[in-house]
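Computed from the coordinates by the stated procedures, all read-outs in this text should not be read as laboratory data. Since the structure is predicted, the reported quantities are computational estimates derived from the model, not experimental observations. Note that we place each Cβ from the backbone using ideal geometry, even for glycine, and neighbour counts take in every protein chain shown.
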Amino acid sequence: MDMRQVLTDYATTGGVGVLRPRATLDAVTEVLGPPVEADYFLHPKGTWPRTFVYGDVRLEVCGCRKIFRVALSTWTGTVDVPTGRRGEAVTLASEVTFGELEELLGAAGVEGEMRTFPTLTDQLTVVVGEYPQGVDYTFVVPDPAAPDSATLHSVIAKDLDHTC
């Protein structure tokens, strides 16, 4: 497993292995074992929604115990990602450029839409998928004249239509 495979999996399946929106926390726990609680929401402990992690893969889980967001922050240089086997993770180099992601998506036959924001000239996002499910690859752009060298900051797969 390498970072290229993880990013391609996000684009083609909406997540990392069994960690994807609409999966249940119980089903994921059966495969990977129990997650670590990592709540950062401002609410009383033990209420929902809640955040859990497997390595550096962050899950946001609704009160019905369905995952509605799977996020991976890649700006740190390396990430720990579950291998798909109970209790196992692998550390991967996480630096990927916009140009490399374009090649990955093309090789996988996946089309993405590039979005930029007039007030955020140092950021661009590639969106893959159709509403209500999609994957956002967000990049830091140090030089707006050379977007191919922008580096990946995070990947977030989400189910925007989830309700309990």
**Message:** Charges on Cβ only, +1 for Lys and Arg, -1 for Asp and Glu, centred on the Cα centroid of the chain; of L32, S149, T97, which one is farthest towards the dipole's positive end?
**Reply:** L32
**Item:** Alpha carbon Rg of segment 124-164, scaled by the compact-globule rule 2.2 N^0.38 Å
**Value:** 1.42
**Total charge dipole magnitude, the chain, about the Cα centre, Cβ charges on Lys, Arg, Asp, Glu only, Debye to nearest 20** = 760
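Label segment 102-150 by shape, choosing from rounded, prolate and oblate, from the square roots a ≥ b ≥ c of the eigenvalues of the Cα gyration tensor; if a/c is under 1.5 it is rounded, and otherwise prolate applies when a/b is larger than b/c, oblate when it is not.
oblate
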**Asked** D148 versus A38, label points 7 Å from Cα toward the beta carbon: distance in nm?
**Response** 3.3
**Fill in**
Within the chain, cysteines having no neighbouring cysteine beta carbon under 4.7 Å are C62
**Asked** Which residues' amide hydrogens lie under 5 Å from the amide hydrogen of G15, considering only partners 5 or more residues apart or on another chain, with H built in the peptide plane?
**Response** Y10
**Fill in**
Checked segment 1-84 against the a/c 1.5 cut and the a/b vs b/c comparison, axes a ≥ b ≥ c from its Cα gyration tensor; verdict prolate
**Complete:** Quick shape check on segment 59-164: root eigenvalues a ≥ b ≥ c of the Cα gyration tensor, a/c under 1.5 is rounded, otherwise prolate if a/b tops b/c, else oblate, and it reads oblate
**Complete:** FRET efficiency for F117 and E88 from the Cβ-Cβ distance with R0 = 41 Å, rounded to 0.05, comes out at 0.60
**Message:** Can you compute 3J(HN,Hα) from phi for each residue in segment 114-125, using the Karplus curve 6.51 cos²θ - 1.76 cosθ + 1.60 with θ = phi - 60°, rounded to whole Hz and x for Gly and Pro?
**Reply:** 7, 10, 10, 10, x, 8, 10, 6, 9, 9, 9, 10
**Request:** Compute the relative contact order of the chain as a whole-number percentage, counting only Cα pairs closer than 8 Å that sit 6 or more residues apart in sequence.
**Result:** 22
**Item:** V90 long-range amide H proximity, modeled H, under 5 Å
**Value:** V81, T83
**Request:** Could you tell me which of W75, V61, T12 has its Cα farthest along the dipole of segment 1-154 towards the positive end, charges placed at Cβ (Lys, Arg +1; Asp, Glu -1), taken about the Cα centre?
**Result:** V61
